[in-house]
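The values are calculated or read from the model by the stated rules, or taken from the named source; none is laboratory data. All values derive from a computational prediction rather than experimental measurement. With ideal geometry, Cβ positions are generated from the backbone for all residues, glycine too; neighbour counts draw on all protein chains shown. Accessible surface is based on the protein model in full, side chains and every heavy atom, while ligands, DNA and RNA are left aside. Shrake-Rupley method; radii C 1.70, N 1.55, O 1.52, S 1.80 Å.
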Amino acid sequence: MKCMRSLLFGFAFFVAGAALADPAPDAAKRYAEHCASCHGAGRLGGIGPALLPENLSRLRRGEAVKVITQGRAASQMAGFSGKLAAAEIEALADFIYTPLAQTPVWGAKEIAATRVRHVPSAKLPARPVFEADPHNLFVVVELGDHHATILDGDRFEPIHRFATRFALHGGPKFSPTGRFVYFASRDGWISKFDLYSLKTVAEVRAGLNTRNLAVSGDGRTLLVGNYLPHSLVLLDATDLRVIKVIPTVGQDGVSSRVSAVYQAEPRGSFVAALKDTREVWEIDYTKRDFPVRRIAVDDYLDDFFFDQSYKLLIGSARDSHKGQVVDLDSGQKIAELALPGMPHLGSGITWDYQGHPVMATPNMKAGVVSVIDMQTWQTVKEIKTLGPGFFMRSHENTRYAWTDGFATGDPASRDVMHLIDKDTLEVAHVLRPEPGKTAAHVEFTRDGKYALVSIWENDGALVIYDADTLREVKRIPMKKPSGKYNVYNKITRSAGTSH
Ligand code: DHE
């Protein structure tokens with residue numbers, strides 16, 4: 001029997017002889033026979049991913065049918081066209097896209113039961129087991145085969161590569177010293193990785209469909225935000241023990257998904273945005289009962305970021321053309337922002353322009369980067385790009401802000417990187433790291449001298465540029481590298497990167 005720690009939505013089936021088509025195939029029965037041992041009797045996932053509509057939202061039904069029929073290359077998922085009839089495969093696809101009759105219970109008990117401690121803290125080495133600046137390491141997430149690479153940011157040599165949980169999403173988050181990195185998968189697995197020993201230390205499944213995680217500024221606590229169930233989960237950062245599960249129900253009684261969570265270290269708090277009720281929650285992580293402060297907001301928030309002081313929250317709903325600025329001290333909205341087309345504020349960055357702090361964000365549905373004055377909250381400029389972008393990055397020591405054009409997958413723009421001059425707000429250069437192949441997501445070395453760009457393809461690469469001369473200095477083959485994260489830039493909360 002061959003099960004999989006599957007690659008993109010590989011479905012594991014066990015074949016009990018050739019199946020004949022029923023007039024009305026019993027999908028639940030077929031699921032129990034062929035899928036349940038890997039994907040869980042309740043479709044909540046096991047060694048294979050969860051097969052619930054929430055978790056499948058990024059996979060079109062037709063693609064799911066194709067995967068069941070043909071299997072998926074580079075995974076253990078075999079095709080079942082010869083073993084299950086087409087109607088049975090169609091029925092199975094319908095089945096996995098059908099919501100569960102009841103929201104599964106995933107509370108402290110269920111979470112605790114999943115916790116695995118791979119390496120006890122006492123066994124961890126005092127120093128890194130490799131020769132490289134531990135603060136200039138990059139953690140590179142490779143979505144193509146669900147791995148991560150630890151890269152030496154001085155020599156641009158991979159130090160270590162390891163399997164991650166299925167479908168990581170959001171930026172991995174670092175402990176304050178940069179020694180540990182925490183990953184969240186869309187299926188809710190939280191993994192703690194030790195960058196000194198290069199080992200996964202502990203894992204726990206904090207949700208069934210998870211958005212992202214945050215690490216408290218004192219490094220003691222993690223907060224995980226979930227879509228399924230509707231909850232926030234506090235974990236002990238040392239060993240991932242569950243501290244508390246907080247159901248996310250608004251004052252209006254509406255049970256809500258969590259859009260995103262972040263830490264606000266200068267405030268000693270976590271901040272969580274709710275997707276289905278107009279509230280932002282601030283949780284004081286310095287108090288052991290983690291009190292929740294509710295802040296009413298004008299609109300639902302899908303995404304947000306902070307100014308560098310963490311006093312202001314800048315958030316927006318994806319389908320809105322407006323953003324809102326909320327003063328976290330007073331809990332009041334202080335300004336509205338004009339944002340033309342689905343900003344991706346998690347990628348927002350800030351810099352000084354003519355003596356004023358400005359924020360900039362790509363828009364996923366419009367080929368413009370919005371640059372907004374953070375004192376007047378007026379749009380300074382909408383910089384036209386070749387297509388809608390997803391990620392944006394810069395660094396204090398570099399003159400350009402880099403943004404991609406891959407949000408819509410449009411062939412005309414998906415292979416470009418725009419370099420925006422932070423002084424003139426003009427696109428100064430357009431690079432095509434590999435014509436015809438998707439280019440996305442940039443991160444800088446700790447000194448800002450080099451920019452690392454992903455060729456976001458299964459046979460992709462990391463392309464390293466001198467950020468000043470724009471000369472390519474190295475190309476490292478990788479499997480669909482997505483985000484890459486420099487330890488120093490993250491733990492010092494560089495204005496040019498996501499926090
Ligand atoms: Fe992301 C970060 C939301 C789709 C890759 N994405 C984030 C964050 C949010 C978010 C709120 C910030 C969290 C953090 O870093 O802690 N993303 C969303 C969506 O709502 C959206 C549009 C739909 C969804 O399915 O969730 C979405 N995201 C995608 C993708 O399709 C991407 C391109 C591929 C993938 O991995 O699924 C993708 N998102 C990323 C990455 C980051 C991210 C690589 C981290 C950015 C960073 O550099 O910090």
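A compact table of results
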item	result
Radius 14 Å from Cβ of Val67, net charge of other residues (Lys, Arg +1; Asp, Glu -1)	+3
Cα long-axis angle, helix 61-70 against the chain (0 to 90 degrees, to the nearest 10)	50
Cα gyration tensor shape for region 111-250, rounded if a/c is under 1.5, else prolate or oblate	prolate
Portion, in percent, of the accessible area of the chain that falls on carbon or sulfur, probe 1.4 Å	51
Percent RCO, i.e. relative contact order, over the chain, from Cα pairs under 8 Å lying at least 6 residues apart	9
Residue-normalised accessible area of the chain, given per residue in Å² at a 1.4 Å probe	39
Alpha-carbon centroid distance for the pair region 105-161 / region 220-255, whole angstrom	23
Mean Cα-pair separation over length for region 215-270, i.e. relative contact order, pairs under 8 Å, 6 or more apart, %	36
Sparse-neighbour loop sites [GluC sites (Glu not before Pro); region 330-432; at most 14 other C-beta within 10 Å; DSSP]	Glu396, Glu426
Exceeding the 19 Å Cα-Cα cut-off - candidates Lys322/Lys490; Lys384/Lys437; Lys173/Lys490; Lys192/Lys490	Lys322/Lys490; Lys384/Lys437
Listed residues Val453, Gly188, His39: farthest to the positive end of the dipole of the chain (Cβ charges)	His39
Cross-link partners of Lys66 among aspartates and glutamates (Cα-Cα below 12 Å; sequence separation of 8 or more within a chain)	Glu90
